[in-house]
Amino acid sequence: MAGSLIFVHGTGVRLDRYKASLTTVDNQARRLGIDQQLIPCAWGDPLGIIFEGKSLPDPPDAAIIERDAQETARWSWLLDDPLAELDMLSIRGVPPSPPPPPGQMPGWVQKLDEIKAYKPGIEVGALLKRIGLGDLWDVAFQKILASGIVTTAFERSDEANELADAGIALARAVVAQLHNEAIDHGRPALTAPIRTRLHDLVVEDWGCKVFGLGSILANFAKRVGTQALRRRRNALNATISAPLGDILLYQSRGNDIREFIRQKVTEANGPVTLVGHSLGGIACVDLLALPDPPRVERLVTVGSQSPYFYEIDALASVKKPNPLPSGFPPWLNIFDRNDFLSFVGERLFPGQVEDYEAKSGASFPEAHSAYFGDENVWQKIRAFIAP
């Protein structure tokens, strides 16, 4: 297996991150017997955007950042599983309360019965009408109350002398379910301020408003909020700021990037395999589909938006419904269902591209960069470029 393998990075990547990716590519390729000369194609530093962040507003103080992170993490959790907090309250380990006097119901039973009979008051009703979801409130409310977790959560919270926690968690569960019902019915989702306002009004109607949460809910919010702040901030910044700028730059001055790749191909020993990640894949497809392409034997795109750009008629080279030009090299397109920036091409370019599904198991945005450490991906690439 001779020739050259040129690795074209994607959007938002700069030299420090590219070096790490290049090392991974080199190690995996060599370990699986891919002995082509590896040639870097790091276009980001000379041609990508220069962004110092001067157009960004100053960040809020640390306390506000921490609070917002906690709320974002909490609601992200609840929108996936509205019963999450109630489930935590239902499994707390507390000694059983002594039975109430004869003829008297436990306090938690009385409170839960009151809540079950609740109908939105004037303020809650007005807010539901304003956001156009008055008809879905009862649907969401009854779905949450139908879970046996609610009863257990109230009983355990009463035993821990934190009954208000159960009411607060139940209100959040109903609001989260209402959010999901809105989406399922084709309505606009609740914004964060509306979610908070609706929750606070319901909690006040239920008489569960307290100045401080109990230990379980407070510690949960602090823990997941801090984790979200520490673990996700850098990943999300890397996925949004510079990458978005590079995409916009490519749309206006993509020829500079394509010519940079062309020069690498021209100087390489043939046969040449181009491996383009993300936006790098778009640039490679455009380069090879435009007139006078350089000589490339194989094209591999990884986590690329090329098929999507074609479908929305945003490729610089090929306009719908035209096929790829004759002479376009064999094309392997690698995607991952967890990578929301990857797309499939076989339905758009029948007979001209082969899709391969990677299964990193990583969540987004980490899945967008997980391909090159996946041995199965490299085995597929090796088989694709083998003579």
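The values are calculated or read from the model by the stated rules, or taken from the named source; none is laboratory data. Model, not experiment: these values are computed from the prediction. Note: ideal-geometry Cβ built from the backbone for every residue, glycine included; neighbour counts use all protein chains shown. Protein only, heavy atoms only, side chains kept; ligands, DNA and RNA dropped before computing areas. Shrake-Rupley method; radii C 1.70, N 1.55, O 1.52, S 1.80 Å.
Structure values in brief
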read-out: Cα extents of segment 233-387 along the three principal axes, largest first (Å); value: 42, 37, 33
read-out: Amide hydrogen neighbours beyond the local backbone of Gly276, cut-off 5 Å, H modeled; value: Val8, Val300, Thr301, Val302
read-out: Residue-count net charge about Gly276 - beta-carbon cut-off 12 Å; Lys, Arg +1, Asp, Glu -1; value: +2
read-out: Rough spin-label spacing in nm, given labels placed 7 Å along Cα→Cβ, for Ile122 and Ala189; value: 3.4 nm
read-out: Kirkwood hydrodynamic radius over Cα pairs of segment 317-387, then Stokes diffusion coefficient at 37 °C and 0.692 mPa s, in µm²/s; value: 245 µm²/s
read-out: Extension gain, Glu375 back to Lys320 (0.36 nm per residue minus Cα-Cα distance, nm); value: 16.3 nm
read-out: Kirkwood Rh, Cα atoms: Rg over Rh of segment 129-169; value: 1.14
read-out: Accessible-area ranking of Lys380, Lys116, largest first, probe 1.4 Å; value: Lys116, Lys380
read-out: Calculated FRET value between Ser252 and Asp138, using beta carbons and R₀ = 51 Å, to 0.05; value: 0.50
read-out: Heavy-atom accessible area order for Arg30, Arg74, Arg262, Arg187, largest first, 1.4 Å probe; value: Arg30, Arg187, Arg262, Arg74
read-out: Compactness of segment 275-361, expressed as Rg and Dmax over alpha-carbon positions, Å; value: 11.9, 40
